[in-house]
Each structure stands twice: as structure tokens, then as C-alpha cells.
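The values are calculated or read from the model by the stated rules, or taken from the named source; none is laboratory data. Since this is a predicted model, take the numbers as computed values, not measurements. When we count neighbours, we look across all protein chains shown, and the Cβ atoms used for this are built from the backbone with ideal geometry, even at glycine. The accessibility values were calculated without ligands, DNA or RNA, using every heavy atom of the protein model including side chains. Shrake-Rupley method; radii C 1.70, N 1.55, O 1.52, S 1.80 Å.
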Amino acid sequence: MTAQTLSPPDTILEQARWLTSPDAARWLNLAAESTDDVTTLAKHLRRDLSAEQTHLVLEQVPLRKRAREKFAAADAMFFTAKGLEQATDEIVADYKSRRFAEARRVFDLCTGIGGDLLALAGKSETVGFDRDPFCAELAAANARLLPRSAGAVEVRAADVAEADLSQCDAWHIDPDRRPQGKRTTRASGYEPSADGVDRLLAVNPHAAIKVAPAAELPRRWTEKAELEWISRGGQCRQLVAWFGRLAGEGSSHRATVLGSEGAARSLAGIPGDEVPVAREIARYVYEPDAAVLAAKLTAALAAEHAFAAVAPGVPYWTASQQIDDPMLACFEVEEVLPLDVKKLKALVRDADLGSLEIKVRGVDVDPADLRKRLRPTGERPATLLLFRGPKRAQAIVARRIVSSSD
């Protein structure tokens with residue numbers, strides 16, 4: 001495996017090259033192991049380093065700690081604050097890269113610090129593009145951590161417009177969602193914009209476009225692409241629009257839930273949210289994963305398990321049997337009562353409830369404020385599921401059932 005960066009030299013590039021060089025490694029290790037406060041550590045570093053070098057070293061320490069949630073090799077990688085925030089974590093990136101397994105050569109556009117690049121390189125020869133020369137240099141350094149069995153990796157400090165997509169089998173892009181400093185959900189406001197991405201698709205239609213889960217995509221995309229919402233750890237991490245050979249066959253909407261080891265549970269179907277309503281709340285209540293909600297596949301998942309909703313339009317479903325499904329959070333019902341603070345406070349006290357998880361659907365309640373008012377100081381953990389019933393707001397007091405996939 002080889003990794004190189006092609007870019008004209010400048011001051012920013014020189015800083016990045018120093019940061020990723022063996023010369024900086026000693027200071028990065030010293031800063032990571034230091035127990036001094038930042039001011040004292042900065043004074044220590046300034047004895048031998050410039051102000052710019054000191055800043056670069058000090059910046060990496062908290063970034064690497066935060067990055068441990070996304071990357072196993074975080075302590076040896078390089079980040080920027082924006083690059084880390086936008087980077088795909090390695091479990092999600094590995095899952096996405098499986099669709100590129102048949103591609104001999106892949107381009108990763110707007111590669112950032114290389115979250116997707118690293119996973120794609122595990123399957124194919126990969127070329128990353130980022131117009132920020134600092135990020136491009138960090139991505140190349142991160143790529144050098146790949147095992148020798150990975151494909152050849154090249155990172156170019158270049159705008160995506162310079163990428164000749166006729167020279168790759170498929171491509172991935174992560175457009176900047178806040179080019180003006182403020183995050184936008186509209187693809188027309190991305191950089192490159194939706195029109196810019198269309199021009200890329202005209203050259204090579206086999207693509208994956210990574211966007212935020214709540215992104216507003218142009219109709220011309222939603223009519224052609226397979227839209228996949230990907231969740232991990234209870235959070236919907238991203239929406240991917242798959243085009244060309246990368247798109248699956250059949251349904252245009254897909255929800256995927258990834259486990260801690262990368263195991264995937266996917267559901268494809270037609271968007272819909274009409275779920276029959278139960279006559280009464282049974283022993284168990286279920287909440288669908290965030291990816292299922294985002295993909296509007298609640299009706300499909302509820303039908304798969306023959307669930308009924310606790311109230312019209314409320315994504316809490318009930319059944320008499322316990323079901324273990326990574327797409328569902330399961331709760332065993334202990335009591336159902338009106339949403340009345342006095343009654344809830346008495347129940348919390350009498351049932352010896354302590355750690356209290358509060359989930360809200362369709363009612364104007366601040367969980368943090370309600371928790372303070374209920375004053376749970378007991379020993380038993382519990383979950384409150386609050387929702388708007390047909391006639392009044394209700395509360396389900398329940399015990400969360402830990403899934404075997406958790």
C-alpha cells in the first residue's frame with residue numbers, strides 16, 4: 001500500500017507536513033501523556049517549538065480523544081475539528097464500502113480527514129480529493145496507517161471539479177453542508193451544490209452521495225436513487241443516496257442498523273406510517289430505531305411483527321410477546337396512567353424509581369424539567385414513555401429490555 005499527496009507547497013501545507021512527520025511525533029506523545037494544564041504544557045512546548053507548532057500539537061490531543069468513538073487507531077491519526085465532526089466512523093464506513101467491492105478504482109470526493117477513504121481503500125484502489133491542502137495532507141497521513149494488504153491510495157489537494165470521473169469505476173462524495181459557516185439541509189446549498197453533483201453524475205452515474213439524515217434532496221435524485229438511512233448506537237448517522245450500479249434493486253427506501261461489530265440489519269420498503277391502533281396496551285411496548293423513522297418505514301416494520309400502535313400516529317407499538325430485533329427498543333410495561341405530574345411523582349416515590357429515562361412523542365414536555373419535578377431518588381431504573389393518546393396525554397412506566405444485539 002502506498003499513499004502520497006500531490007499538491008503545490010505553501011505555508012499551510014508545510015504545517016501539515018510537519019505535524020504528520022516523525023519530528024512532531026515526539027511532541028504529540030509528550031502532550032498526550034502530560035498531566036499538566038494546557039497553559040503549563042504550552043509553555044513547555046514553546047521552549048522548543050514555534051507558536052504555530054505548539055498550537056498544532058495542542059489541538060491534536062483533545063481531537064484524538066474525541067476520535068476514539070469513531071476510530072480504533074485514533075491515537076495515531078490526525079484531525080481537524082471540522083474534519084472529525086464530518087468524518088464517517090469506521091464501522092459505518094466499512095459497511096458502506098461493501099457496495100464498492102466490485103469496483104477496481106474508486107474516487108472519494110471531499111475526502112476530509114479520510115474516514116470513508118480508509119474503508120474504501122480496503123476494497124479498491126482509491127483516490128481522495130479535497131481542496132483543503134491541510135486536510136488532504138492529514139488524509140494521506142491517515143492512509144499510511146492502512147495495512148500493506150490495502151489497495152494503493154493517493155490523496156490530491158484538488159477541487160472535485162478536477163476529478164476525471166471517467167477514470168474510476170465508482171465514486172463517493174461528502175459535500176460540505178455548511179460552506180457559508182451555517183449548516184444547511186438543502187442540497188442546493190451544499191458545496192458542491194446539487195447541480196454540481198449532477199454534472200459529476202453525468203460523467204459517471206455510479207455514485208454514493210453522503211448527506212445528513214434530514215437532508216432535503218432534489219426530486220430528480222429521489223426518483224433515481226436508492227435512499228439509505230444508516231443508524232448506529234441509537235443515532236441515525238447519515239443518509240446515502242446510491243446511484244447506478246451501487247443502488248440496490250427494488251424499493252427506493254432502506255433503513256439499516258449497524259451493531260458494534262458492524263453486523264447490519266436492513267429493511268427496504270415503501271414509505272408509509274399507517275399502523276393499526278391497539279385496543280389496549282399489552283405487556284410490551286416497542287420503539288423503532290431512528291433510521292426506520294427517518295426512512296419512513298414504520299408501517300413496513302410494524303407489519304413485519306404484526307404490531308399495533310398505542311395511539312394513532314404514535315411510533316410506540318405494543319404486543320404481548322417479546323421480540324428481539326436490532327431495529328427495535330423493547331420495554332416491558334409496568335403501569336399505564338394519565339400524564340399527571342402529581343400522580344407520576346407519587347408513583348416514582350412509591351415504586352422506588354431512581355435512574356429515569358424519559359421519552360416523549362407528541363406532547364409538549366421537557367424531559368429534563370419533568371425529571372427535576374419528579375425527583376427520582378430511589379434504586380430502581382425505569383423508562384417513562386409519554387405520548388398523546390386519542391383523548392389525553394398518557395404515560396407508560398416501563399422497564400427497558402436489553403437486546404442481545406446491544
For residue 217, are the conditions met, namely being open to solvent by 60 Å² or more (accessible area, probe 1.4 Å) and either in contact with a helix residue (DSSP H, G or I) (Cβ under 8 Å, 6 or more places away or on another chain) or not charged (D, E, K, R) (or both)? no
Selection status of residue 75, among the acidic types (Asp, Glu), in contact with a helix residue (DSSP H, G or I) (Cβ under 8 Å, 6 or more places away or on another chain) and open to solvent by 10 Å² or more (accessible area, probe 1.4 Å): yes
Output the residues belonging to segment 344-357 that are open to solvent by less than 60 Å² (accessible area, probe 1.4 Å) and small (Gly, Ala, Ser). 346, 351, 354
Identify, by number, the condition in (1) surrounded by fewer than 18 Cβ atoms within 10 Å (Cβ to Cβ); (2) farther than 18 Å from residue 38 by Cβ that residue 66 doesn't meet. (2)
Given the options 341, 360, 365, name the one that is open to solvent by 20 Å² or more (accessible area, probe 1.4 Å), under 24 Å from residue 232 (Cα atoms) and without any contact (Cβ under 8 Å) to a residue 40 or more places away in the chain. 360
Residue count, segment 134-150 (criterion: within 18 Å of residue 57 (Cα to Cα) and open to solvent by 20 Å² or more (accessible area, probe 1.4 Å)): 1
Looking at segment 355-384, which of the residues that are touching a Lys or Arg at 6+ places or on another chain (Cβ under 6 Å) and not hydrophobic (A, V, I, L, M, F, W, C) is farthest from residue 314 (Cα to Cα)? 383
Name the residue, out of 388, 361, 392, that is over 30 Å from residue 253 (Cα atoms) and of a type in the set (D, E, K, R). 392
Could you please tell me which pairs satisfy a Cβ distance under 8 Å, a separation of 6+ or placement on different chains, a first residue in segment 182-211 that is closer than 21 Å to residue 237 by Cα and open to solvent by less than 60 Å² (accessible area, probe 1.4 Å), and a second residue that is acidic (Asp, Glu) and not in a strand (DSSP E or B)? 210/116; 210/174
Restricting attention to segment 88-111, does a residue exist that is at positive phi and open to solvent by less than 80 Å² (accessible area, probe 1.4 Å)? yes
